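The structure appears right after this line, and notes come after that.
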Amino acid sequence: MAIAITGEDVVLDETAGLQNATATPTPAGDADDNDILVASLPASFSTRLTALGAGTATGAALSGYTGAAGNTGTNAFTFTGGGSITDIRFVDSAGAPLNGVDSGLDTLDGTSIFLYTDTNNNILLGRAGGADGAIVFAAYIEETGSPVTGGKIWTVEYQPLKHPDATNPDDSLNLLDKVFIGATQDLDFSLANAPSGQNLFLMFTKLNPATETINGVVRITDPTIIATGKDPADQSSGAKINTGDTINTSHGGGPTTIGTNNQMIVEQEGIRFSFVTGARQDVTVPHLSQTEADVESNIDFTAVYNTTSANFDVVQLQSGKSAVVKISAFSTAAEPGVNFINGYANDTPVAITNVRVINNSTGLVIENSDGTVNDPAITISFSAAGVATITGVKAGYQIEYTTTADHNRVLIENGAAVDARGNDHADFDIGGFTLTKASTSIAEIGSKMVFEDDGPSISATGTEPTLTVDETVLTTDATQSFTANFSSAFGADGAGTLTYALGMTAGASGLTDTATGEAVNLSLNGAVVEGRTATTNLLVFTVSVAANGDVTLDQLRAVVHPDATNPDDATSLSADNLVTLTATITDKDGDSAQATLNIGQNLVFEDDGPSISTTGTAPILTVDETVLATDATQSFTANFSSAFGADGAGTLTYALGMTAGASGLTDTATGEAVNLSLNGGVVEGRTATTNLLVFTVSVAANGDVTLDQLRAVVHPDATNPDDATSLSADNLVTLTATITDKDGDSAQATLNIGQNLVFEDDGPSISTTGTEPILTVDETVLTTDATQSFTANFSSAFGADGAGTLTYALGMTAGASGLTDTATGEAVNLSLNGGVVEGRTATTNLLVFTVSVAANGDVTLDQLRAVVHPDATNPDDATTLSADNLVTLTATITDKDGDSAQATLNIGQNLVFEDDGPSISTTGTEPILTVDETVLTTDATQSFTANFSSAFGADGAGTLTYALGMTAGPSGLTDTATGEAVNLSLNGGVVEGRTATTNLLVFT
């Protein structure tokens, strides 16, 4: 038997999806793959894998499978040389089951994969790290033909393998010289032409065995059996062979059978069979002579042959009887020649685990120790050591036994008791011996079991984002993620790395640096694309990419933009492929793939343009009509926040604007509306009809705005001589600031300043001044009034609005004036009657005095009744009101637009009332009072009333009284009686003349 490898591969590609001639006809590296659906795995294969806990397969392949309709794959190997194949299996280079052979392959994490032949030896397992490791891949032999003539190979993978060639994402691995196909035929041994008689041993093999010559000796490479009696003589030590058990042959009219001693195997006798290889052909049946069969040294072989199963035929029983067959298996070392017989002593028992009995006439199993088939006439038992005993064995039965462990020697005995009698203790011969699976061929198949790398995949997809930077904020970079623009998959090998790198075409970018006017050239600095000025090498911009695929554009200097009319126009590189972004995907075993985006025109540079805006509270320009010659000027520069931006400084200019037509103001003098117009850069306010210039607004280059008022305007609040007015709308006058940067872009910001132009009313002015005049009336002449002008006590001006009116008015504090009416004794109270201040008696309401003012400012005091004066000793003393503010004089000035002002004088104590006083004088010749000493008792009396002329005056009648006076001292008279001088004295109201010394009353 020989195994022929057909050359058909089984190529499993780790790439997702099926890879075969139908599914992937191109490229060639995929067309020759043999991927098949995992669901197509043979049931026995998939069921076993499930039982092993293999998990979910990622891919499967079948030898020769193309994916074409009806294609079922192709044999990977076939058999030649005929014969019945009893077993096909995966084996190692020695033909043994694979048991931890290093496959030379690794998992992605570097774990070695070891190979194991499963208990179902049509299955090969590749396990990670050892016998208990996860199943990485598996293979299955699908036997074909009946009888079997060949086989297909299936493979299935559970984990990707680590492929060595990182430069080739489709490189392949195989199991060259690691995996072999082993095929076995049952070896039927031929006893034809065996020497007859009793022999020490018989050494026999199959017909036409394979041989090889070693050191001039022809040796049989196929298994060979050595048979001896149970306890043979140690011939090499000098013992006669008939002193021990011998091995005999018999023909009995049919095929050669073997027995022991007297031919048949009787109770407790047996035959030992040893399985070897390398037997010397010239001492092996049919070349073995009877003489050679008696010499122990002729038992010449090179190695033992291990097996787990054999069968033999039981023959030559007496009709109607059955036998007891006992089987013991052993393992021994190779002990050829003179050591062979002695070697029986140190054999190691091997347990027999299964026995089957087959009826050769029908070919059927009639008894199985596993209980699946039972013949009531047959029993099978096992000792503790694994020795099998079978009863009820009849002629024509074949006994097959199996061991779990390998054995290479078996003892077959008649197990009946010595001298047993009866039909169940028959003697028997061995008619034929077969080593199950003894003829083995192997062929290397691992090189045909191919695992192709998956390799990662990547492609560009979608619309790339744009990175827009604005020169207005050079410190603000633009960052965008480009990860969504790459569609990638790591594939079966699992995740490795995904990296990004920038590229560029060195040289001109198509941009120009604004400040220097130089072209901007591209270069690569490390991983960063730089744009630098061509001559001065100044850094204008950079493009960088982060590990996560974020690309950042950082502009450091302004570039020229084409449209000077648009301060926000954009520019980019002259070609998209000047800057590239390449994504490289590398899977876990190092395979990589790349995809590249052209992003040169995804880099957008927006013009900075100057910026300007209004800010803060605009100042107020206030002019006052009081001083028309004084203009109002304010700087508005602080109300514009501006920046020239990245393009650098150009100019900053200011201009006034206006809405032509009515301003909302009225010229006071003409009553005409004031209209706005623009004269050059100056806003003018002119009267609508007469075109008189009322005011101007101008702006200086530095942003100072000046309001110049030339004529008064009407103000709305006549009650406020200083009220302010402005234009009717703020946007009637505007101030626009225009900023222009170095590349000609400009921006404007406008302030509405119409209501920042404030015109304060002039208003008339008036104040008191100087010493007010006194109005003095004298009760002596009540009909004479006192009048004084107070105009000089008011200083006034009508102002810019022009002359209106100047009026005077009296005021008073109602109530007591501090004066008292003489005649009635009543207090004099103040009141206002029309514009006249009146002083009236508190109870009788008699009019005592009035104060009035004329239109020209003359004030008149008219006293009608006398008032009490405090100094009774002075008939001409003066009095006035108790407080100056009890009577006031107010002057009101009103200008042409109705504004007014007032000034007030307190004149209560400028009203003076002089006392009238009574009058009396002597007149006429006074009478003489003459007494005569003759008649001292007679007095002299005369009336003197006629000698006084008197008047009570304005104060009215009081009293007229008389009183005597004298000059004390000598009277010029002398008392006659005493001769003493008579002195004058006043006693009470009586003038007395008394003697100077004696004080005698002389006269009264």
Study note, to complete from the structure: In this structure, the FRET efficiency calculated for Thr719 and Ile620 from their beta-carbon separation, with R0 = 35 Å, to the nearest 0.05, is 0.95
Check your understanding: With +1 on each Lys and Arg Cβ and -1 on each Asp and Glu Cβ, how big is the dipole of the chain about its Cα centre, in debye rounded to the nearest 20?
Key -> 6340
Review point. Given the rule -39500 (n - 2.57) for each run of at least 4 DSSP H residues, summed and divided by the residues of the chain, what is its mean residue ellipticity at 222 nm, to the nearest 500 deg cm²/dmol?
Key: -500 deg cm²/dmol
Exercise for review: For segment 189-444, build the charge dipole from Cβ charges (+1 Lys, Arg; -1 Asp, Glu) around the Cα centre, then report which of Ile442, Gly363, Val276 sits farthest towards its positive end.
Suggested key: Gly363
Revision key, fill the gap. Partner lysines whose C-alpha sits under 18 Å from that of Lys448, ignoring same-chain residues fewer than 8 away, are Lys152, Lys178
Check your understanding: Which loop chymotrypsin sites (Phe, Trp or Tyr not before Pro) in segment 880-956, with loop taken from DSSP, have no more than 12 other Cβ atoms within 10 angstrom of their Cβ?
Key -> Phe944
Exercise for review: Mind checking the full-extension length gain between Ala385 and Ala345? Use 0.36 nm per residue of separation minus the Cα-Cα distance, one decimal, nm.
Suggested key: 12.7 nm
Revision key, fill the gap. Note on segment 298-368: C-alpha Rg/Rh, Kirkwood Rh, two decimals, gives 1.06
Review point. What's the exposure ranking of Thr596, Thr332, going from fewest to most Cβ atoms within 10 Å?
Key: Thr596, Thr332
Exercise for review: Just rank Val683, Val418, fewest to most, by other beta-carbon atoms within 10 angstrom.
Suggested key: Val418, Val683
Study note, to complete from the structure: With 0.36 nm assigned to each residue of separation and the Cα-Cα distance removed, Ala809 to Leu710 gains 32.2 nm
Check your understanding: Given the chain, what percent of its DSSP beta bridges are antiparallel, to the nearest 5?
Key -> 95
Exercise for review: Rounded, prolate or oblate: pick one for segment 559-624, where a ≥ b ≥ c are the square roots of the eigenvalues of its C-alpha gyration tensor, a/c under 1.5 means rounded, and failing that, prolate if a/b is larger than b/c, else oblate.
Suggested key: oblate
Review point. Dividing the Cα radius of gyration by the Kirkwood radius, what Rg/Rh value follows for segment 895-979?
Key: 1.46
Point to revise | Relative intensity, log₁₀ I(q)/I(0), of segment 507-662 from a Debye sum that treats every alpha carbon as a point, q = 0.11, 0.15, 0.16, 0.21 Å⁻¹ | key: -0.64, -0.90, -0.97, -1.33
Check your understanding: Given charges of +1 on the Cβ of Lys and Arg and -1 on the Cβ of Asp and Glu, with all other atoms neutral, how large is the dipole of segment 919-1003 about its Cα centre, in debye to the nearest 20?
Key -> 180
Practice item. Compute the Kirkwood hydrodynamic radius of segment 312-448, taking the inverse of the mean of 1/r over all pairs of distinct Cα atoms, and give it in Å to one decimal. Key: 16.5
Review point. Under a no-solvent Debye model with one identical scatterer per Cα of segment 765-914, what's log10 I(q)/I(0) at q = 0.09, 0.11, 0.13, 0.21 Å⁻¹?
Key: -0.31, -0.44, -0.59, -1.24
Revision key, fill the gap. The relative contact order of segment 908-1004, taking Cα pairs under 8 Å that sit 6 or more residues apart, comes to a percentage of 18
Check your understanding: If one puts a single equal scatterer on every Cα of segment 209-365 and applies the Debye formula without solvent, what log₁₀ I(q)/I(0) results at q = 0.11, 0.15, 0.18 Å⁻¹?
Key -> -0.50, -0.94, -1.33
Exercise for review: Of the options Ser852, Ile774, Gln235, report the single residue whose Cα projects farthest towards the positive end of the charge dipole of the chain (beta-carbon charges: Lys, Arg +1; Asp, Glu -1).
Suggested key: Gln235
Study note, to complete from the structure: For segment 669-674, Karplus-derived ³J(HN,Hα) couplings (6.51, -1.76, 1.60; θ = phi - 60°; whole Hz; x for glycine and proline) come out as 5, 9, x, 8, 5, 9
Review point. What are the residues whose amide H is under 5 Å from the amide H of Phe428, where those residues sit 5 or more places off or on another chain and H is modelled from the backbone?
Key: Ile265
Point to revise | Dipole in debye (nearest 20) - segment 765-914, about Cα centre, beta carbon charges: Lys, Arg +1; Asp, Glu -1 | key: 280
**Study point:** Cβ-based exposure ranking for Phe340, Phe79, in which fewest neighbours within 10 Å come first
**Key:** Phe79, Phe340
Check your understanding: PRE reach from Ser319 (point 7 Å along Cα→Cβ): which of segment 391-408 fall under 20 Å by backbone N?
Key -> 393-397
Revision key, fill the gap. The alpha-carbon center of segment 729-800 and that of segment 450-517 are separated, in whole Å, by 74
Practice item. Treating cross-link reach as a plain straight distance, find the lysines whose alpha-carbon is under 29 Å from the alpha-carbon of Lys240, omitting any fewer than eight places away in the same chain. Key: Lys230, Lys326
Review point. Relative to a virtual label point 7 Å from the Cα of Thr769 in the Cα→beta-carbon direction, which members of segment 784-808 show backbone nitrogen distances below 13 Å?
Key: 791-798
Revision key, fill the gap. Note on segment 455-606: contact order normalised by length, alpha-carbon pairs under 8 Å, 6 or more apart, percent, works out to 33
Exercise for review: Could you check what % of the DSSP bridge pairs in segment 455-606 are antiparallel, to the nearest 5?
Suggested key: 90
Study note, to complete from the structure: For the chain, averaging the sequence separation of alpha carbon pairs under 8 Å that lie six or more residues apart and dividing by its residue count, the contact order in percent is 7
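Coordinate-derived values only; no laboratory data. Just so it is clear, the model here is predicted, and its values are computed rather than measured. Glycine gets a Cβ as well: all are built from the backbone with ideal geometry, and neighbour counts include every protein chain shown.
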